[in-house]
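See structure below.
The values are calculated or read from the model by the stated rules, or taken from the named source; none is laboratory data. Quick caveat, the model's predicted, so the values are computed rather than measured. Please note: Cβ atoms are built from the backbone with ideal geometry, for glycine as well, and neighbour counts cover all protein chains shown. Surface areas here come from the heavy atoms of the whole protein model, side chains and all, with no ligands, DNA or RNA. Shrake-Rupley method; radii C 1.70, N 1.55, O 1.52, S 1.80 Å.
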Amino acid sequence: MLLDADILWTQNGRHARAKMSLTQGVTALIGPSGAGKTTLARFLAGLDHAAGGHIRFGRETLFHAKKNVFIPAATRSIGLVAQDAGLFPHLTVQQNIAFSPASSPESCAKAVNTTGCQALRDRMPETLSGGERRRVAIARALAACPRLLILDEPMTGLDPKSRQEILPLIKRLNREEGVPVLFVTHHLEDMLAVADNALLMAPGEIVASGQLEDIVGSPECARLLGLDDAGQLVRGAVIARENGTIHVDIDGSAIVLPDGGEAVGSVVMLRILSSDVSISKSRIPDLSIINQLPARIEQIEKHETNAFVHLALQPSAGIIKSSIAIPTVDRLKLKEGDDVFALIKAVSVKDVLLEPDHTS
């Protein structure tokens with residue numbers, strides 16, 4: 001375990017408490033605005049003093065209220081990149097990157113190359129775009145050789161082009177440079193693009209932690225993020241491509257998707273919305289929906305007007321959900337344990353490329 005924390009503070013006049021742990025990789029801290037994500041990030045970085053609890057990094061105690069231990073931010077070796085980038089307006093980009101006493105000429109040069117800031121070094125912050133300012137802020141944090149990098153809402157205010165530059169950069173920081181990252185966000189799509197694991201935060205508390213599949217599939221995720229459906233995540237491997245499509249194997253279940261350039265052997269994570277999954281009691285020939293996967297009904301979760309039918313794909317047993325009207329459940333006489341077919345529209349599946357499968 002990289003970091004372990006149990007932090008107590010007061011938020012909006014109420015007691016707040018967050019228990020969390022981080023491992024190597026990119027961990028997303030996701031939750032609605034006002035949940036306390038930035039507050040928690042500042043406690044971890046040592047910029048603010050929590051009311052109680054502890055923060056441990058490996059075997060080192062950074063904060064312990066009862067033992068009166070508080071390691072200041074300057075010596076924690078935890079980099080925090082705030083939403084506003086926080087560049088010094090009177091310094092050039094190069095001077096900003098080299099500002100930390102913990103940086104060196106070598107670490108600055110590496111940070112500049114990693115973040116693609118070579119052409120920006122002599123410019124002043126006021127001349128930079130939002131995406132460029134964010135890259136310089138990340139480079140400055142990297143130049144100090146942090147053992148953990150916290151990015152607080154790094155996508156805020158960025159245009160689509162800048163977002164497409166920053167998200168792959170965050171992934172590279174961890175995959176290529178080996179820097180553990182805590183990625184603070186309230187956008188599900190941003191989390192899916194970069195994170196390995198996630199912490200789900202409600203106002204004043206961490207309510208769930210684990211792999212992306214577990215967090216996205218939890219009812220709390222959709223509710224807290226204000227979504228009708230966060231979807232279900234299923235991992236698979238690209239096994240073939242033909243005629244503008246790719247074939248993805250999910251532990252024995254095969255699904256056909258539009259070809260997005262993913263290489264054969266790549267591992268992808270498929271996000272499947274329950275509204276895009278229909279149910280049939282038999283395979284339907286001559287249907288435009290190619291993906292008709294054998295499944296077994298594990299649970300029928302009824303609400304006021306609709307039902308979430310939990311489907312275990314066969315033979316993989318990976319779970320997806322179908323949202324259908326309750327009259328449809330009654331008309332088809334669906335019940336738990338029934339063998340059915342999950343009909344999934346190929347164009348509806350959101351896929352996020354993870355890593356090449358080097359074992360294939």
Restricting the stretch 205-235 to residues that are of a type in the set (Gly, Ala, Ser) and surrounded by fewer than 21 Cβ atoms within 10 Å (Cβ to Cβ), the residue that is farthest from Arg172 (Cα to Cα): Gly226
Lone qualifier among Ala222, Ala202 - being among the small types (Gly, Ala, Ser), within 23 Å of Ala342 (Cα to Cα) and within 18 Å of the chain's Cα centre (by Cα): Ala222
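Okay, residues lined up against (1) farther than 23 Å from Asp228 by Cα; (2) open to solvent by less than 10 Å² (accessible area, probe 1.4 Å); (3) modelled with pLDDT of 90 or more; (4) not in a loop (DSSP other than H, G, I, E, B):
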position: Arg283; (1), (2), (3), (4): yes, no, yes, no
position: Arg296; (1), (2), (3), (4): yes, no, yes, yes
position: Gln299; (1), (2), (3), (4): no, no, yes, yes
position: His310; (1), (2), (3), (4): no, no, yes, yes
Residue within the stretch 17-39 that is under 23 Å from the mean Cα position of the chain (by Cα), open to solvent by less than 60 Å² (accessible area, probe 1.4 Å) and of a type in the set (D, E, K, R) present: yes
Residue tally, condition farther than 25 Å from Ala35 by Cβ and surrounded by fewer than 21 Cβ atoms within 10 Å (Cβ to Cβ), over the stretch 134-161: 5
Val349 at pLDDT below 85 and surrounded by 12 or more Cβ atoms within 10 Å (Cβ to Cβ): yes
Yes/no for Ser316 being of a type in the set (Ser, Thr, Tyr), surrounded by fewer than 12 Cβ atoms within 10 Å (Cβ to Cβ) and part of a loop (DSSP other than H, G, I, E, B): no
Inter-residue pairs, beta-carbon under 7 Å, first farther than 14 Å from Gln164 by Cα and of a type in the set (Ser, Thr, Tyr) and in the stretch 180-202, second part of a strand (DSSP E or B) and open to solvent by less than 10 Å² (accessible area, probe 1.4 Å), 6+ apart: Thr185/Ala28; Thr185/Ile30
Hey, Ile206 under 22 Å from Gln83 (Cβ atoms), in a strand (DSSP E or B) and of a type outside the set (S, T, N, Q) or not: yes
Which listed residue is part of a loop (DSSP other than H, G, I, E, B) and either more than 30 Å from Glu189 (Cβ to Cβ) or among the basic types (Lys, Arg) (or both), from Lys67, Lys110: Lys67
